[in-house]
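What follows draws every value from the coordinates through simple rules; no lab data is involved. Because the structure is predicted, anything quoted here is derived from the model rather than measured. All Cβ positions, even for glycine, are placed from backbone atoms using ideal geometry, and neighbour counts span all protein chains on display.
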Amino acid sequence: MYSTYRLKADELSSDILNAIKNAFQHREIEITIHDVLDETDYLLGTTANKEHLLKAVEEIDNQNNLVSVKMEDI
């Protein structure tokens with residue numbers, strides 16, 4: 001069984017611990033904790049990505065290279 005709990009550190013409570021205990025009764029588990037990067041920060045994290053995304057935003061702002069799709073084609 002695999003579960004992911006995503007929350008802010010200050011939201012940790014005994015309720016979460018009890019939920020984990022109930023979900024994995026008597027089984028050995030491994031808990032790994034890592035910071036979650038903000039998606040925008042991640043996407044702007046490299047120069048190439050940042051330049052590409054900012055150019056795409058500029059294209060949208062200038063109404064260039066837009067694609068229209070009819071709902072019935074989706």
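Things to note:
- Count of residues meeting criterion [of a type in the set (D, E, K, R) and surrounded by 10 or more Cβ atoms within 10 Å (Cβ to Cβ)] in segment 39-54: 2
- Within segment 28-46, residues that are part of a loop (DSSP other than H, G, I, E, B) have Cβ atoms under 8 Å from residues that are loosely packed, with under 10 Cβ neighbours inside 10 Å and of a type outside the set (A, V, I, L, M) in these pairs: Val36/Arg6, counting only partners at least 6 apart in sequence or on another chain.
- Residue check, Thr4 of a type in the set (S, T, N, Q), within 18 Å of the chain's Cα centre (by Cα) and loosely packed, with under 10 Cβ neighbours inside 10 Å: yes
- Glu72 more than 20 Å from the chain's Cα centre (by Cα) and of a type in the set (Asp, Glu): yes
- Answer from Ile74, Ile16, Ile31 - the residue that is out of contact with any Lys or Arg (no Cβ under 9 Å at 6 or more places or on another chain), of a type in the set (A, V, I, L, M, F, W, C) and surrounded by 10 or more Cβ atoms within 10 Å (Cβ to Cβ): Ile16
- Among the residues of segment 52-74, the ones that are among the polar types (S, T, N, Q) and farther than 26 Å from Thr40 by Cβ come to 1 in all.
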